[in-house]
1. Restricting attention to strands (runs of 3 or more DSSP E) lying wholly within segment 1-62, give those where 2 or more residues are touching a Leu at 6+ places or on another chain (Cβ under 7 Å) and of a type in the set (V, I, T).
2. In segment 186-216, what residues are hydroxyl-bearing (S, T, Y) and either more than 18 Å from L37 (Cα to Cα) or touching a Ser or Thr at 6+ places or on another chain (Cβ under 6 Å) (or both)?
3. How many residues does segment 195-231 contain that are part of a strand (DSSP E or B) and within 22 Å of Y244 (Cα to Cα)?
4. Which pairs have Cβ atoms under 7 Å, sit 6 or more apart or on different chains, and link a residue in segment 111-122 that is in contact (Cβ under 8 Å) with a residue 12 or more places away in the chain and more than 7 Å from L163 (Cα to Cα) to one that is among the acidic types (D, E) and in a strand (DSSP E or B)?
5. If you take the residues of segment 71-84 that are more than 16 Å from the chain's Cα centre (by Cα) and either under 15 Å from L12 (Cβ atoms) or in contact (Cβ under 8 Å) with a residue 40 or more places away in the chain (or both), which of them is surrounded by the most Cβ atoms within 10 Å (Cβ to Cβ)?
6. If I ask for residues that are assigned to a strand (DSSP E or B), surrounded by 16 or more Cβ atoms within 10 Å (Cβ to Cβ) and in contact (Cβ under 8 Å) with a residue 40 or more places away in the chain, which ones from segment 165-194 would you list?
Amino acid sequence: MAEISLKENERLDELNRNGYFIIQDTKRFCFGMDAVLLSGYATAKPKEKVLDLGTGTGIIPILMEAKTEGEHFTGLEIQPESADMARRSVSYNNLESKIDIVEGDIKDASKIFGASSFDVITTNPPYMINEHGLKSDNEAKAIARGEVMCTLDDVLRESAKILKPNGRFYMVHRPFRLAEIMHAMVEYKLEPKAMKLVYPFVDKEPNMVLISAVKGGKSRITVEKPLIVYKEKGVYTDEIYDIYGY
């Protein structure tokens with residue numbers, strides 16, 4: 001591990017994968033289960049290049065580097081403080097040859113990287129549109145949770161431009177926006193190929209959905225076996241423990 005100096009309110013968290021750690025700021029937005037589930041849902045094959053849109057502190061590229069055989073991973077992040085933490089985490093884990101962190105706006109992603117430049121795109125975008133959800137007094141958290149800096153349309157439009165033909169797109173989002181998500185994906189020729197609903201408990205409504213799509217793919221979607229998070233309060237299901245690497 002490289003030497004590192006933590007800033008005020010920062011901590012170093014173990015990821016239970018390849019001995020990797022990640023820097024997080026307790027006063028800013030810390031990654032949640034949705035990012036971990038997406039990193040386990042997305043795939044990257046040998047020689048493939050992966051872009052994570054809105055990477056935050058770099059959790060998805062770091063976990064995917066540990067879990068997959070992808071050749072190279074890039075994270076795009078608009079918030080300078082988050083991008084800085086992501087770069088220092090990459091350095092701490094000695095992953096500079098495998099992961100790049102780029103500071104920039106998702107709305108300009110195709111200008112930054114160029115058309116048809118990635119095999120795979122992952123994204124854990126802000127879920128809430130302006131009239132939905134609680135407003136946060138913390139700007140960093142507000143940007144991560146709500147469509148303050150970019151919208152679902154921005155994410156899908158830029159992904160469609162950046163992906164190579166037949167490239168794969170993976171996203172985690174909220175089920176209440178599924179109709180809007182599917183409609184917009186088809187509009188941008190990101191054909192939905194599979195979706196997996198995530199339920200906190202077997203008898204509760206789903207609160208997350210994992211979606212995969214193929215750029216220019218044919219119309220055919222598979223609804224996969226649901227993922228249940230807890231078998232009882234405070235106890236994860238075996239599948240969740242496996243995804244986390246415990």
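Taken together, the values in this text are just the output of simple stated rules run on the coordinates, not laboratory data. Worth saying up front: this structure is predicted, and the values here are computed from it rather than measured. Cβ coordinates were reconstructed from backbone atoms using ideal geometry, including for glycine residues, and neighbour counts include every protein chain displayed.
1. Details: elements: 10-14, 21-25, 49-53.
Because the criterion is at least 2 residues that are touching a Leu at 6+ places or on another chain (Cβ under 7 Å) and of a type in the set (V, I, T), the strands (runs of 3 or more DSSP E) in segment 1-62 that meet it are 21-25.
2. Of the residues in segment 186-216, the ones hydroxyl-bearing (S, T, Y) are 188, 199, 212.
Scanning segment 186-216 gives a single hit, Y188.
3. Step one: of segment 195-231, the residues part of a strand (DSSP E or B) are 195-199, 208-215, 222-223, 227-228, 230-231.
Next cut, within 22 Å of Y244 (Cα to Cα) only: 195-199, 208-212, 227-228, 230-231.
So the count comes out to 14.
4. As it stands, the answer is T122/D52, since those pairs meet every condition given.
5. Going through segment 71-84, the residues more than 16 Å from the chain's Cα centre (by Cα) turn out to be 71, 80-81, 84.
Now drop any that are not either under 15 Å from L12 (Cβ atoms) or in contact (Cβ under 8 Å) with a residue 40 or more places away in the chain (or both), which leaves 81, 84.
Numbers: E81: 14, D84: 16.
Among those that are more than 16 Å from the chain's Cα centre (by Cα) and either under 15 Å from L12 (Cβ atoms) or in contact (Cβ under 8 Å) with a residue 40 or more places away in the chain (or both), it is D84.
6. Filtering segment 165-194 for residues assigned to a strand (DSSP E or B) gives 165-173, 190-194.
Applying the additional criterion that residues be surrounded by 16 or more Cβ atoms within 10 Å (Cβ to Cβ) yields 167-173, 190-194.
G167, R168, F169, Y170, M171, V172, H173 - these are the residues of segment 165-194 that are assigned to a strand (DSSP E or B), surrounded by 16 or more Cβ atoms within 10 Å (Cβ to Cβ) and in contact (Cβ under 8 Å) with a residue 40 or more places away in the chain.
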